[in-house]
Amino acid sequence: MSFKTLAFFCCLALCAGFTLAQESKQSSEGLTGTWYCQFESPVGLQTYHFHIAIDGAGDATVNAEVKARDEVRKVEFVDVKVGEDAISFVEVRQFGEREFRIEYSGKLNGKELAVTRSFGERGGQDALATRDLPQSPPQESLQPVVEVKIDRIIKDAFKDAFLIGMAGDLPSRYSDVELKLAAEHFAAITPENCMKPERVHPAEDRWNFESSDALVEWAQMHKMTIHGHTLVWHAQTPNWFFEGGDSETIKQRMKQHIETLAGRYKGQLQSWDVVNEAISDGGNAETAKTENLRNSNWLQALGPEFLTLAFKYAREADPDAVLYYNDYNIESGPKHASSMVLLKRLLDEGAPIDGVGIQGHWRSGRVPFDDIEKAIADYASLGLKVSITELDVTIRGESGGQFGRRQSRSNTPASLDDLNAQAEDYAKLFSIFKKHEDAIERVTFWGLSDRRTWRWGQHPLLFDANNNPKPAYASIVALTRGDEAESATNQPKKVEIEDGGQGPYSAIVTESPTLSGMTIYRPEDLNAFGTEQRLPVLLWGNGACANTTEEHKNFLNEIASHGYIVLGIGLLDQLQQRDESSRQRTNSSQLIAALDWIIAQDANDNSIYFEKIDTTKVAAMGMSCGGLQAIEISDDPRITTTVVCNSGVLPSRSPMASMPDLTKDDLKKFHGPVLYIMGGPSDIAYNNAMDDFSRVDHVPIVMANLDVGHGGTYRRPHGGKYSPVALAWLDWQLKGKQDAAKTFLGENSQLANDYEWKIETKNIHQ
Ligand code: XIL
């Protein structure tokens, strides 16, 4: 709420600065009648149709029909106060056991009524009410920012690794579309609020199982596992637990709470968050050596033993449930160290704890990947299971709500760049989770969609506010490709470029239903390949890290026609004509996933690639931004050589979120020979590349410049003059053709004799 509105509201409500209704009868007539007004809300646009009536005695009544989505609700307002040109009234709403007061105030402003509504601490919203229904009520667009095609369901994609879950108090107040979405994509559910103490057990002698029973029934109907949340917590826990009792009484209350709740769903819930958020925030080197427990009512009443007690009671109540300690920020810094101290103590004391929940409320661009990976390993080393229990990765800044330019919680659509950066973060997270799948039991998103999230306005989840999948969804499932065989009977679309190229093996461009998001260039007839002659592998990233190989298709096709398989990042349907989806952000991890995939194909006797691939000969290659993707994966031991085209590591970190975030240190990732193919001094990456070249002293490196600028020659027929140079390098490095080395080596090399090229070599000892 702005200061002005706040001041206005306070004046109205607190200073009681109203002229008495009777006195203002005449002037307040301007307020009577009907008004239309709209508010943005997490559940969509709400249209209010207010009716204000002021009787002869000056008493006012206000009611309204409120339309949100397809529902109309009638509201009678209370505490109506009317002044000369101002009015205030209150809506009382019941959510579960709690009553909320939503306060409205309106002030006449010409033909309009300026309305503010406020929800106590939650702040307020302003809107202008008019006499007529707005001509064209602001329509929420149902269109996604970018059309995302998904070809596998996340819960299936990870079914052999871990459960994929979501949080929500389903099914009440969720639409049919939302319920269908939840059941289709998620294998597990966590009640977001309905099993918390304040909801389920508002008073010592009062239990409220309506919502939690409904959730359990709904989840069972949809064969979803249920994770209970949460038994012992400092928040959302009513005070009665702690009031008027000694520590023994409070202990008994805790016991009785756990017995009743966990006991009620015994055998029906897979797991429970037994204790939530017991460790203090922040911390320092000193607290890192201790448990640094939060000074909660539980700690005050029962001391540090409260955790062990809670776990014991939970085990007794539901012996088969997997019991978790759950907390946020425990992956990093002193809080992580404290969590290890605490968990070790609990295990030593014989607390029946089975797992640790890392909540996972992170921000795009600031996800502590290394900490997360280490924390998972640390917890697993204690013999505990790990779950990511409340995952969301918020978008902030310009297109991401709360702290963005608009400083409001209005649901501005996220920008494509932000969505792509988020997708990249999610992909990195899931590649870590997958790597540690033996330790991880479940990954649960905290909400269903960007509408059903406590971080509303910050676009944190996999579906947008209109239930469309976001780039993050596609980037996560893309990681799981590779286990299925590419069979001959299931051949997808093929495209022919430049009559199949000039090489001895006519090439085609294709894709695989088992390798999403990648384009494959390869000889059409694979019969020529087998144990005698195998296809080396080329992994390719595009200029601008684009999601299509369109700019490089002549070049890549030409290479394939000489007996290579190229796995290029990009959508095949963007090869000839590009639309928005060609701008979706890509990630170097796709190259690694593609390598995993082709290695699996080579080993799978149902695959058309069975024993036709030389999986020991792999080039990481890419142009411009894609060149950085190639550098980024160069530390993978399976990579034989790196080819960087029109690219080089920037002198300082790139401000563009869409670029791999490399520093010159990453050049150490090279462990095989490296070729740079550049466009001469007019190439914007020239200085960066030359600087890379000067720094690399640990592997053979060749710098070849053709004065064509940053764009290279990829689009020219058969990829232009870059093609024979790239092929000579690949033939030399991946096919062991010593003849091809003559293109590069010695004073009389082919390129040294070619006045158009400038060549330099380093660290090559013959
Ligand atoms: C949040 C819910 O999402 C909100 O709807 C509610 O108003 C407050 O609690 N850590 C937890 C969750 O363990 O229970 C919290 O859920 C988010 C932080």
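For the set 730, 299, the ranking by accessible area, highest first and with no ligand, DNA or RNA atoms included, is 299, 730 under a 1.4 Å probe.
Give me the percent of accessible area attributable to carbon and sulfur for the chain, probe 1.4 angstrom. Here it works out to 48 percent.
The figure for residue 745 is an accessible area of roughly 30 square angstrom, using a 1.4 Å probe on the protein chains alone. Computed extension gain for residue 694 through residue 85, at 0.36 nm per residue and net of the alpha carbon distance, reaches 211.7 nm. Between helix 686-695 and the chain there is an angle of about 80 degrees, using the helix long axis and the longest principal axis of the Cα atoms.
Report, ordered by chain and residue number, the lysines lying within cross-link reach of residue 289, taken as a straight Cα distance under 25 Å and ignoring same-chain residues fewer than 8 apart. The qualifying lysines are 335, 344, 374, 385.
Remark: the range 674-745 carries a charge dipole of roughly 320 debye about the Cα centre, counting +1 on each Lys and Arg Cβ and -1 on each Asp and Glu Cβ. Of the residues 179, 343, the one with the largest accessible area comes first in the ranking 179, 343, computed with a 1.4 Å probe on protein heavy atoms.
Computed on protein heavy atoms with a 1.4 Å probe, the accessible areas place 91, 550, 84, 184 in the order 84, 184, 550, 91, largest first.
Once you order the gyration tensor axes a ≥ b ≥ c over the Cα atoms, which shape class does the range 225-337 get: rounded for a/c under 1.5, otherwise prolate or oblate by comparing a/b with b/c? Taking the square roots of the gyration eigenvalues as a ≥ b ≥ c, the range 225-337 is oblate. Taking all Cα-Cα distances within the chain, those exceeding 38 Å account for 51%. Beta bridges assigned by DSSP with both partners in the chain are antiparallel in approximately 55 percent of cases.
Only DSSP H runs of four or more residues enter the estimate; each adds -39500 (n - 2.57), and after division by the residues of the chain the mean residue ellipticity at 222 nm equals -7500 deg cm²/dmol.
Could you work out the relative contact order of the range 644-718, using alpha carbon pairs under 8 angstrom and six or more residues apart, expressed as a whole percent?
Averaging sequence separation for qualifying contacts and normalising by length gives 37 percent for the range 644-718.
Its relative contact order, with pairs defined as Cα atoms under 8 Å and 6+ residues apart, puts the chain at 7 percent.
Normalising the average separation of contacting C-alpha pairs (under 8 angstrom, six or more residues apart) by the number of residues puts the relative contact order of the range 284-376 at 37 percent.
On a per residue basis, the chain carries 42 Å² of accessible surface, using protein heavy atoms and a 1.4 Å probe.
The values are calculated or read from the model by the stated rules, or taken from the named source; none is laboratory data. These numbers were taken from a predicted model, which means no experiment stands behind them. Neighbour counts are summed over all protein chains in view; Cβ atoms, including those assigned to glycine, are modelled from backbone coordinates with ideal geometry. Surface areas here come from the heavy atoms of the whole protein model, side chains and all, with no ligands, DNA or RNA. Shrake-Rupley method; radii C 1.70, N 1.55, O 1.52, S 1.80 Å.
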